[in-house]
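Take a look at the structure below.
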Amino acid sequence: NFRDFGRWETSDGAKVTRGKLYRSASFHDASDEDIAKLNAMDLRFLVDLRRPEERKHEPTRWESETTRMIFNDEGAGGHALPPHLQALMQSDLTPQSTYDYMMSLYREIPFDPRLVSLYRDWFSALGEGGAGVVHCAAGKDRTGIACALTLFALGVPEEAVFADYEFTNQAVDLEKRMPRIQERMEARLGRKLQTEALRPMLGVHVDYLRASLDVIEAKHGSVQSYMETELGVGARERDVLRIALIA
């Protein structure tokens, strides 16, 4: 799920620059060839949205002397399992209960203090110029919201923001990867999982991102107001981002 999420057209007809904005899943499975490609990309910074226990369980294989690695250890020493795996431990697991969990997760992410801090770091680094990558474990939920906010800040219309978000379902061959992902999760949880109950967690759905935007707008009135209040990205910061990232 590593991809450039530039190229989208803004409301005023400009285009987001390619080669500056990258999103990804984690790099614990990266091959030597992958790492060589990453090192050749001149990435100035990386923001890792994962929790401490996630980074410990699946440490990155990509270390770089030229790319600044940004993460947040707040909450270290917490649960052995991240929340999404804890959710899979419930006895009455169904596709609906998994969907409901994802909806609740997306309502929480925009106001999670640790993620808010990392989103602030992401926008601050973007404003300084250069290419960067933001990622979490699967590169779709915490990362998906970060990318959506980035595109909104650059003036990309909502329809295109959702299109970029949904592209994960095409970029990742979920049906091909499902058996391996399910096997890994079952091994870590020590229980069998039903594929259909797991599916709502492994892809993305427009309802999820809409849930985030709804809680943002309910509390702040607009995405722009949320970004200024929570992330320190006001009109001046958006202008700086547009200068750096709009062709």
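The values are calculated or read from the model by the stated rules, or taken from the named source; none is laboratory data. Here the structure is a predicted model, which is why all the values come from computation and not from measurement. Methodologically, a virtual Cβ is constructed for each residue, glycine included, from the backbone with ideal geometry; neighbour enumeration extends over all protein chains shown. All accessible areas refer to the heavy atoms of the entire protein, side chains included, with ligands and DNA or RNA removed. Shrake-Rupley method; radii C 1.70, N 1.55, O 1.52, S 1.80 Å.
Condition first: assigned to a helix (DSSP H, G or I) and out of contact with any helix residue (DSSP H, G or I) (no Cβ under 9 Å at 6 or more places or on another chain). Now tell me which residues in segment 121-142 satisfy that.
Result: 121, 125.
For segment 101-117, a residue qualifies if it is free of Cβ contacts under 8 Å to residues at least 12 places away in the same chain and open to solvent by 60 Å² or more (accessible area, probe 1.4 Å), and exactly one does: 108.
Where in segment 188-247 are there helices (runs of 4 or more DSSP H), lying fully within it, with 2 or more residues that are among the β-branched types (Val, Ile, Thr)?
Details: elements: 195-202, 206-220, 223-231, 235-245.
Counting at least 2 such residues, we get 206-220, 223-231, 235-245.
Of the residues 202, 209, 231, 241, the single one that is within 26 Å of residue 25 (Cα to Cα), over 17 Å from the mean Cα position of the chain (by Cα) and in contact (Cβ under 8 Å) with a residue 60 or more places away in the chain is 241.
In segment 128-137, which residues are out of contact with any His (no Cβ under 9 Å at 6 or more places or on another chain) and either within 20 Å of residue 3 (Cα to Cα) or surrounded by 22 or more Cβ atoms within 10 Å (Cβ to Cβ) (or both)?
Here is the first cut: in segment 128-137, the residues out of contact with any His (no Cβ under 9 Å at 6 or more places or on another chain) are 128-136.
Once the filter is applied, which keeps residues that are out of contact with any His (no Cβ under 9 Å at 6 or more places or on another chain) and either within 20 Å of residue 3 (Cα to Cα) or surrounded by 22 or more Cβ atoms within 10 Å (Cβ to Cβ) (or both), segment 128-137 yields 129, 130, 131, 132, 133, 134, 135, 136.
The set of residues from segment 85-100 being open to solvent by less than 50 Å² (accessible area, probe 1.4 Å) and either among the hydroxyl-bearing types (Ser, Thr, Tyr) or within 22 Å of the chain's Cα centre (by Cα) (or both) comprises 85, 87, 88, 97, 98.
Of all residues in segment 35-56, those satisfying the criterion of being in contact (Cβ under 8 Å) with a residue 12 or more places away in the chain and open to solvent by 40 Å² or more (accessible area, probe 1.4 Å) are 39, 41, 42, 44, 51, 55.
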